[in-house]
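Enquirer: Next up is a structure, given as structure tokens.
The values are calculated or read from the model by the stated rules, or taken from the named source; none is laboratory data. Bear in mind the structure is a predicted one, so any value in this text is a computation, not a measurement. No Cβ is skipped: glycine too gets one built from the backbone with ideal geometry, and neighbour counts run over all protein chains shown.
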Amino acid sequence: MMDGGLPPWSLVIHGGSGGMTRETLDADTQAACRTGLTEALAAGAAVLGSGGMAIDAVEAAVRILEDDPNFNAGRGAVFTADGSIELDAAIMAAGRAGAVAATTRTRHPVSLARAVMESSPHVLLGGAGADAFALEHGLEQVDPEYFRTPARWQALQAMRASAAAGGPLFDKALKFGTVGAVARDRAGGLAAATSTGGLTAKRWGRIGDSPLIGAGTWADGAVAISATGSGEDFIRAAAGHEISARMRHLGESAAAATAAVLATIRAGGGDGGIIFMGAESSGWRFTTPGMFRGCVTASQKPAVAIFADEG
Ligand code: ASP
């Protein structure tokens, strides 16, 4: 946690919140996830350390996590109920925003979100139209097979088996994923980015909170946030915008506003986590047993964590 202090630049990332504990997450996966988070921090820190912009840093960090099969974004994303993979992403900085929903062929949805922000008059593109826009703008396209991993396929099969035995096919409480980053650059600029495969066994066409500006992703002059968790609850809470509004209207710190919004979400039956970057503080809050997360600043070495009892 990095509340307080004001280093020249700062970066916080997450790789999703969820029910993972030391008992349920095997040691190899723990180690692989810590390595992936460290690499993502390094990519973002390289940008910020050389005077780059926050938006470049969050995009660079998220692209690493999209390529890492251990995280639920890009390669390694979860499956819809009918066995496809649909990706959502968003990016925001300085009042500008771009997002994509339910893409199936673009290797880096976060970069597509940025292209929507910078090269179109729109904020949110969905489905085949979003992938077509990516192709037109020279962003790498892949066969949808590229995103598939055996572990995610098994997770869908387990949910199908539990549904066949009378349980729910879609259980928002089961496990979350999603990756995100928030940054403050040397000029004081704030940015946020989020990318996800959504929730295992979601209905095809379902869009979560991650690509919805003001819900799972938000950045204005006061705060940048990226969320993970039961997306529908974060949408109903307008989580990202609500944090900013509480800071503006109630004078709360970024940390207090984030905690308050998560408490509201929890009271409504939702769970998850949020990373935040205020002008004067940064960190995370989560309601689940774990959240893959990490931080680095100009004056603090990279640090990563998974479980609630870690720093
Ligand atoms: N919030 C994401 C969604 O609902 C999923 C997650 O963070 O695990 O799409």
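Enquirer: Of all residues being buried (at least 24 other Cβ atoms within 10 Å of the Cβ) and within 16 Å of the ligand (Cβ to nearest atom) in segment 231-262, which is modelled with the lowest pLDDT? Just the residue, please.
Expert: In this case the residue turns out to be 231.
Enquirer: Further, regarding this structure: Just give me the residues in segment 76-92 being buried (at least 21 other Cβ atoms within 10 Å of the Cβ) and not in a strand (DSSP E or B), in sequence order.
Expert: The answer is 76, 77, 78, 79, 85, 86.
Enquirer: Of the residues in segment 172-194, how many are outside any loop (DSSP other than H, G, I, E, B) and more than 10 Å from the ligand (Cβ to nearest atom)?
Expert: Here the count works out to 8.
Enquirer: Going by the conditions given, is residue 198 within 21 Å of the chain's Cα centre (by Cα), within 11 Å of the ligand (Cβ to nearest atom) and part of a loop (DSSP other than H, G, I, E, B)?
Expert: Considered against the rule, which asks whether it is within 21 Å of the chain's Cα centre (by Cα), within 11 Å of the ligand (Cβ to nearest atom) and part of a loop (DSSP other than H, G, I, E, B), residue 198 comes out as yes.
Enquirer: Can I ask one more? Considering every residue within segment 211-225, establish whether at least one is aliphatic (A, V, I, L, M) and touching an Asp or Glu at 6+ places or on another chain (Cβ under 7 Å).
Expert: yes
Enquirer: Can you spot a residue in segment 272-289 that is within 16 Å of the ligand (Cβ to nearest atom), in a helix (DSSP H, G or I), of a type in the set (A, V, I, L, M, F, W, C) and more than 26 Å from residue 128 (Cα to Cα)?
Expert: no
Enquirer: From (1) under 16 Å from the mean Cα position of the chain (by Cα); (2) surrounded by fewer than 24 Cβ atoms within 10 Å (Cβ to Cβ); (3) in a loop (DSSP other than H, G, I, E, B), pick out the condition that doesn't hold for residue 208.
Expert: The number of the failed condition is (2).
Enquirer: What pairs come up if the first residue lies in segment 248-273 and is in contact (Cβ under 8 Å) with a residue 24 or more places away in the chain, the second is surrounded by fewer than 17 Cβ atoms within 10 Å (Cβ to Cβ), and their beta carbons are under 6 Å apart, counting only those six or more places apart or on different chains?
Expert: Filtered contacts from segment 248-273: 255/3.
Enquirer: Out of all the residues in segment 156-169, is one or more in a loop (DSSP other than H, G, I, E, B) and under 18 Å from the mean Cα position of the chain (by Cα)?
Expert: Scanning segment 156-169 turns up no residue that is in a loop (DSSP other than H, G, I, E, B) and under 18 Å from the mean Cα position of the chain (by Cα).
Enquirer: Scan segment 9-52 for residues that are touching a residue at least 24 places away in the same chain (Cβ under 8 Å), exposed (fewer than 15 other Cβ atoms within 10 Å of the Cβ) and outside any helix (DSSP H, G or I) and jot them down.
Expert: Selection gives 19, 21, 22, 51.
Enquirer: Would you confirm whether or not segment 53-63 contains a residue that is in contact (Cβ under 8 Å) with a residue 60 or more places away in the chain and within 16 Å of the ligand (Cβ to nearest atom)?
Expert: Checking segment 53-63: at least one residue is in contact (Cβ under 8 Å) with a residue 60 or more places away in the chain and within 16 Å of the ligand (Cβ to nearest atom).
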